[in-house]
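To keep things clear, I will list the structure first and then write my remarks on it.
The values are calculated or read from the model by the stated rules, or taken from the named source; none is laboratory data. Note that the structure is a prediction, hence the values are computed from the model and not measured. Neighbour counts are summed over all protein chains in view; Cβ atoms, including those assigned to glycine, are modelled from backbone coordinates with ideal geometry. Areas reflect the complete protein model, heavy atoms only, side chains present, ligands, DNA and RNA absent. Shrake-Rupley method; radii C 1.70, N 1.55, O 1.52, S 1.80 Å.
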Amino acid sequence: PPVIRVYPESQAREPGVTASLRCHAEGIPSPQLSWLKNGIDIKTKLSKQLTLQANGSEVHISNVHFEDTGAYTCIAKNEAGVDEDISSLFVEDSARKTLVEVERHVYHDSRHCL
């Protein structure tokens with residue numbers, strides 16, 4: 001049966017930048033991939049801004065907007081079964097600031113643990 005993994009599991013992006021989600025799938029026979037955003041097939045939403053690449057294993061969202069925030073589910077199916085995994089995208093003004101603060105806290109906390 002298929003075995004998949006999406007990456008990144010979660011990401012924060014600021015409006016206007018590009019976000020990419022990737023799905024690595026293995027299985028015999030080779031699984032067919034599909035993507036859902038918040039439970040809805042994204043094929044109906046494909047556009048210049050939202051594209052599928054690499055035989056459907058990658059989703060690229062250019063010029064992200066707040067409404068692109070959501071849970072993106074990759075589904076792999078073949079005759080032997082189904083597997084799925086979720087990548088979360090958060091579009092927020094403070095994405096860079098939040099990531100820097102998280103890194104500072106992790107470094108600061110880990111220094112105290114040593």
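At 1.4 Å probe size, with every protein chain present, just tell me what the per residue accessible area of segment 1-96 comes to in Å². The partial results should precede the final answer.
Numbers: 5530 Å² over 96 residues.
It amounts to 58 Å² per residue over segment 1-96.
Within 10 Å, count the other beta carbons around each residue, average over each peptide in 48-54, 66-72, and list them highest first. Don't jump to the answer; show the numbers that get you there.
Working: 48-54: 12.7, 66-72: 15.0.
Top of the packing list down: 66-72, 48-54.
In what sequence, highest mean first, do 81-91, 6-16 appear when ranked by Cβ atoms within 10 angstrom?
Numbers: 81-91: 17.0, 6-16: 14.8.
In descending order of packing, they fall as 81-91, 6-16.
Quick one: Kirkwood hydrodynamic radius for segment 1-91, alpha-carbon pairs, angstrom, one decimal? If you can, show how the numbers build up before the last one.
Numbers: mean 1/r = 0.0763 Å⁻¹.
Result for segment 1-91, one decimal place: 13.1 Å.
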